[in-house]
Each structure stands twice: as C-alpha cells, then as structure tokens.
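Read the structure below first, then the notes.
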Amino acid sequence: DPQQADKEKERIKRMRCSDFVWEWNLLRDEAGDGAATEFMPRIATSMYAAMRTEAGEYVDVKIWKAASKALRESADRCEQSPGAPFWDGVFKGVLDEAVPK
C-alpha cells in the first residue's frame, strides 16, 4: 500500500535512536536474521537507495547487500546515543560508510 509506505517513511525520518533500537530488538526477537527484511528496515533501506539514485548514483545492489550489516551497526551506534536522530544522525552515515560514493 503506497499510503502506508509514505507514512512509514515519515515515521522513520522522525525516529530517534531509542525508537529504532526498541523496534529493531523486537524485530530481531521475532524474525532473527530476517529482521532486515521486515517492513520498517526495508522501507529505511529503500529510502536510502532512492536518495542515492536521485543523486545520480547507481549503487542499488550494493546498498541491499550492505543493509543487514548496516542496520545492526546502526543499532549498536544508536545504543550509544539514544537521543540522536536515527535517519539523519546514524543510518545514512552508516550506509555512506558501507557503500562509499
């Protein structure tokens, strides 16, 4: 549902690290290694891929390969800074490191 995806994108942009860690831990408890394919992580990764594509970069495959590890790394970093913004403060930077420009 496109409307649900748009709402999720807005929610992800507003998330603090504490929100992400809480949700990530729930997803990991339920989905284990498949947590990166759940709705919120998948939408966050697709947002990042779209951002890079709009910038004229064609790194889609590399982003999806790096996503699972980047989400785990984001959770680790977020635990250190629970008040930091998840999307702008942590996740984009982690993926920028994982998939250099």
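The values are calculated or read from the model by the stated rules, or taken from the named source; none is laboratory data. All figures in this text were calculated on a predicted structure; none of them were measured in a lab. Note that each Cβ is placed from the backbone with ideal geometry, even for glycine, and that neighbours are counted across all protein chains shown. Keep in mind that these areas ignore ligands, DNA and RNA; they rest on the heavy atoms of the full protein, side chains included. Shrake-Rupley method; radii C 1.70, N 1.55, O 1.52, S 1.80 Å.
For the reader, a short list of remarks on this structure follows.
- Options GLY83, GLY56: the member that is open to solvent by 10 Å² or more (accessible area, probe 1.4 Å) and at positive phi: GLY56
- The set of residues in region 90-100 that are of a type outside the set (A, V, I, L, M), open to solvent by 50 Å² or more (accessible area, probe 1.4 Å) and at pLDDT 95 or above comprises ASP96, GLU97.
- The listed residues are ALA49, ALA36, and the only one of them that is of a type in the set (A, V, I, L, M), modelled with pLDDT under 95 and crowded, with 18+ Cβ neighbours inside 10 Å turns out to be ALA36.
- Subset of region 52-87 (residues that are modelled with pLDDT of 95 or more and among the acidic types (Asp, Glu)): GLU73, ASP76, GLU79
- Cβ-Cβ under 8 Å pairs, at least 6 apart or on other chains, region 64-75 side under 13 Å from ARG28 (Cβ atoms), far side among the charged types (D, E, K, R) and surrounded by fewer than 18 Cβ atoms within 10 Å (Cβ to Cβ): SER68/ASP33
- Test: residue in region 32-40 that is part of a helix (DSSP H, G or I) and touching a residue at least 40 places away in the same chain (Cβ under 8 Å): no
- Selection within region 54-72 - among the acidic types (Asp, Glu) and part of a helix (DSSP H, G or I): GLU54, ASP60
- Residue pairs meeting the criteria (Cβ under 8 Å; at least 6 apart or on separate chains; first of a type outside the set (Val, Ile, Thr), in region 6-26; second open to solvent by 30 Å² or more (accessible area, probe 1.4 Å) and part of a loop (DSSP other than H, G, I, E, B)): ARG16/PRO82; ARG16/GLY83; CYS17/SER81; CYS17/PRO82; CYS17/GLY83; SER18/PRO82; SER18/GLY83
- Some residue of region 73-89 being assigned to a helix (DSSP H, G or I), among the aliphatic types (A, V, I, L, M) and out of contact with any Phe, Trp or Tyr (no Cβ under 7 Å at 6 or more places or on another chain): no
- For region 59-80, filtering for residues that are of a type outside the set (Ser, Thr, Tyr) and open to solvent by less than 50 Å² (accessible area, probe 1.4 Å) leaves 8.
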